[in-house]
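Please read the structure below before turning to the comments.
FYI, it's all coordinate maths here, none of it is from the lab. Since the structure is predicted, the reported quantities are computational estimates derived from the model, not experimental observations. We place every Cβ from the backbone using ideal geometry, glycine too, and count neighbours over all the protein chains shown.
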């Protein structure tokens, strides 16, 4: 507790999730002391900060950015924004990444967040301690350093910790037998910045998630020959020139040839992994018991709270979501827990809830590695948290517009970003094509 009897909360990371957490804590100065935000880099924005270099900075720290030069959002700005801070109206629906970074800087300006951020600060340890006067008899010792001279560390005590360290910086490379025999250039999308170095080359892109599709399109523009290798159902929309599909790569032969699941082979110049990232929380004390296995972070009540340590909150780990509003809802829920609006169940009840939720997902055929992939289930999850926490849910148009954009993307991945959306009211919206003609809305399955 601070000297005024207010809860002190540490926020780890000044990306979109951390900024949202801080904004919501600052809005409740009746309960909370001003938050302290620890940010390892010199900038706010996390994954939205473009860094042309790859590998490591001059000081030896790894470059966190996975942003590529020409990225534009794949979610319309009308639903990508935080609900309490819209993007500028004059912008198109699908904005360049520089506009998102600018937006986050404006968010910091508007909600006076800058003074609460400690830049260039590495969180080395987050350790729970028993403290009678603490929230639920618990407090947290957070040890930080300037990231270079670890000897100069500082330890501070907090009532709660919100972990918002992101998960787009530690590349996941799947195990492929014989991979070390590949003779061409091997890289992960984390180190991809632009298409020019690949002009006229043959590239196998492994993974057809949003980054894989985006990068395949960029490579097509520089006349690369691209094989999009993935295990999903084959894409039925028109593909860019020079892009063909193949099943997953299953092994690399002695001579460096890639072999696909159907037995076909290729010997590309470049093997590019668009296979996502690992979750990593190197600062968390192992006694907290938060584990990462097969792309699942567990045990977490409502994908947020370890039942044994309910004043630790791991924000923003769900995947295939509309990120900023998701962070907003999770942050509001955390506030409702800490201010007592929502009384957490007992540890045993939270553990049971996790067990039942996980079992229900597995019963629907969801593999462990996809449990955090909410996709269309994110809307029920968001509404559930709002109901428990007693705060305003997202407006009704939000889910419908987001899901409709997914349909447009699946139909025409080459042109869906030329659409422009307009929100008409709490429940309705419209979409126009590049020529300004209104388009019919897709028929959605019930969400």
Original post:
Per the helix-only calculation at 222 nm, which mean residue ellipticity applies to the chain, given -39500 (n - 2.57) for every DSSP H run of n ≥ 4 and division by its residues, nearest 500 deg cm²/dmol?
Top reply: -7000 deg cm²/dmol
Original post:
Between residue 280 and residue 58, what is the FRET efficiency for a Förster distance of 25 Å, r being their Cβ-Cβ separation, to the nearest 0.05?
Top reply: 0.65
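In nm, what is the difference between 0.36 nm times the number of residues separating residue 194 and residue 341 and their Cα-Cα distance?
So the extension gain works out to 48.1 nm.
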**OP:** Note the angle between two axes, namely the Cα long axis of helix 347-363 and the longest principal axis of the Cα atoms of the chain, as a number of degrees from 0 to 90, rounded to the nearest 10.
**Re:** 20 degrees
**OP:** Treat each spin label as a single point 7 Å out from the Cα along the C-beta direction, and report the residue 237 to residue 426 distance in nm.
**Re:** 3.2 nm
Subject >> Alpha-carbon centroid distance for the pair segment 247-272 / segment 1-76, whole angstrom >> reply: 39 Å
Original post:
How would you order 252-260, 134-142 from highest to lowest mean count of nearby Cβ atoms within 10 Å?
Top reply: 134-142, 252-260
Original post:
Normalised by the number of residues in the chain, what is the relative contact order in percent for Cα pairs under 8 Å and 6+ residues apart?
Top reply: 16 percent
**OP:** Could you please rank 346, 211, 308, 229, placing first whichever residue has the fewest other Cβ atoms within 10 Å of its Cβ?
**Re:** 346, 308, 211, 229
Subject >> Cα→Cβ-extended label distance, 7 Å offset, between residue 133 and residue 415, nm >> reply: 6.7 nm
Original post:
Measuring from centroid to centroid over Cα atoms, what is the spacing of segment 188-222 and segment 323-387 in Å?
Top reply: 34 Å
Original post:
For segment 1-145, what is the relative contact order in percent, using Cα pairs closer than 8 Å and at least 6 residues apart in sequence?
Top reply: 23 percent
Original post:
What is the helix-to-structure angle for 97-110, meaning the angle in degrees between its Cα long axis and the longest Cα principal axis of the chain, kept from 0 to 90 and rounded to the nearest 10?
Top reply: 10 degrees
Original post:
In degrees between 0 and 90, to the nearest 10, how far off the longest principal axis of the chain does helix 16-26 point, with axes built from Cα atoms?
Top reply: 20 degrees
Subject >> Computed over segment 179-273: relative contact order in percent, which uses C-alpha pairs under 8 Å that are six or more apart >> reply: 37 percent
**OP:** Once you have a ≥ b ≥ c as the square roots of the Cα gyration tensor eigenvalues for segment 179-273, tell me rounded if a/c is under 1.5, and otherwise prolate or oblate according to whether a/b is larger than b/c.
**Re:** oblate
Original post:
Top mean-square fluctuation among 336, 311, 153, Gaussian network model of the chain, C-alpha springs under 10 Å?
Top reply: 153
